[in-house]
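The values are calculated or read from the model by the stated rules, or taken from the named source; none is laboratory data. Model, not experiment: these values are computed from the prediction. Cβ placement follows ideal geometry from the backbone for every residue including glycine, while neighbour counts extend to all protein chains displayed.
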């Protein structure tokens, strides 16, 4: 597996387990597999949906931020990687 850094969690809403992903490199699309955090302490999940201002979008790229439901708790500043084979 290859891990390509795409951004970081800029905010985390713990009650609803939603993180705001700020993309700094590349693009993240619905259906992509991402790793939230470092290997061994982070987790992987599929991006099921992305929302900007409560509107669903299919992808986000550099400079954009979107909310996504996270499988586990996270915190601000956590690095996010796109997983590729």
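Below are the figures for this structure:
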{"item": "Where residue 61 falls short, out of the listed (1) at pLDDT below 95; (2) surrounded by 12 or more Cβ atoms within 10 Å (Cβ to Cβ)", "result": "(1)"}
{"item": "Pick from the range 27-42, criterion in contact with a strand residue (DSSP E or B) (Cβ under 8 Å, 6 or more places away or on another chain) and modelled with pLDDT under 95, ranking: farthest from residue 60 (Cα to Cα)", "result": "39"}
{"item": "Criterion: within 13 Å of the chain's Cα centre (by Cα), farther than 16 Å from residue 5 by Cα and in contact (Cβ under 8 Å) with a residue 40 or more places away in the chain - qualifying residue of 50, 68", "result": "68"}
{"item": "Failed condition for residue 45, given (1) closer than 20 Å to residue 1 by Cβ; (2) free of Cβ contacts under 8 Å to residues at least 40 places away in the same chain; (3) touching a strand residue (DSSP E or B) at 6+ places or on another chain (Cβ under 6 Å); (4) surrounded by 14 or more Cβ atoms within 10 Å (Cβ to Cβ)", "result": "(3)"}
